[in-house]
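The values are calculated or read from the model by the stated rules, or taken from the named source; none is laboratory data. The model shown is predicted, which means the values in this text are computed figures rather than measured ones. When we count neighbours, we look across all protein chains shown, and the Cβ atoms used for this are built from the backbone with ideal geometry, even at glycine. What goes into the accessible areas is simple: the full protein's heavy atoms, side chains included, and nothing from ligands, DNA or RNA. Shrake-Rupley method; radii C 1.70, N 1.55, O 1.52, S 1.80 Å.
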Amino acid sequence: MNQLPEAYQTYLQGKDEAFVDTVKPILQQSAADQNFGVRIVVLPHGVQAHLDERIPFGKVVESVD
């Protein structure tokens, strides 16, 4: 799958380039696998993204560490 699901595209809108560069590879991995959603963890000095089996495919959940 070359195109991200609409929810992922919407999530990225308005985000700065560094943020998008960090999380987009995980969103692409999720879109390719179509198994799990993505958890974005906002840290004091950055952001992390990972696949999360508790989140359905196509959804993004943001949390603060």
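For the range 38-57, the set of residues classified as of a type outside the set (A, V, I, L, M) and either at pLDDT below 95 or in contact with an Asp or Glu (Cβ under 6 Å, 6 or more places away or on another chain) (or both) consists of R39, P44, H45, G46, listed by residue number. The numbered conditions (1) among the small types (G, A, S); (2) under 11 Å from the mean Cα position of the chain (by Cα); (3) farther than 16 Å from V61 by Cβ are all true for G14 except (2).
For the range 52-65, a residue qualifies if it is under 15 Å from P5 (Cα atoms) and either loosely packed, with under 10 Cβ neighbours inside 10 Å or touching a residue at least 24 places away in the same chain (Cβ under 8 Å) (or both), and the qualifying residues are F57, G58, K59, V60, V61. Within the range 17-39, residues that are free of Cβ contacts under 8 Å to residues at least 12 places away in the same chain reach partners that are in a helix (DSSP H, G or I) with beta carbons closer than 6 Å, at six or more positions or on different chains, in the pairs V20/L12.
For residues that are part of a helix (DSSP H, G or I) and not β-branched (V, I, T), scanning just the range 1-12, find the one that is surrounded by the most Cβ atoms within 10 Å (Cβ to Cβ). Restricting to residues being part of a helix (DSSP H, G or I) and not β-branched (V, I, T), the top hit is Y8.
Within the range 19-64, the residues that satisfy the criterion of being small (G, A, S) and on the phi < 0 side of the Ramachandran plot are S30, A31, A32, G37, A49, S63.
Considering every residue within the range 13-34, establish whether at least one is of a type outside the set (A, V, I, L, M), outside any strand (DSSP E or B), in contact with an Asp or Glu (Cβ under 9 Å, 6 or more places away or on another chain) and open to solvent by 50 Å² or more (accessible area, probe 1.4 Å). No, because not a single residue in the range 13-34 is of a type outside the set (A, V, I, L, M), outside any strand (DSSP E or B), in contact with an Asp or Glu (Cβ under 9 Å, 6 or more places away or on another chain) and open to solvent by 50 Å² or more (accessible area, probe 1.4 Å).
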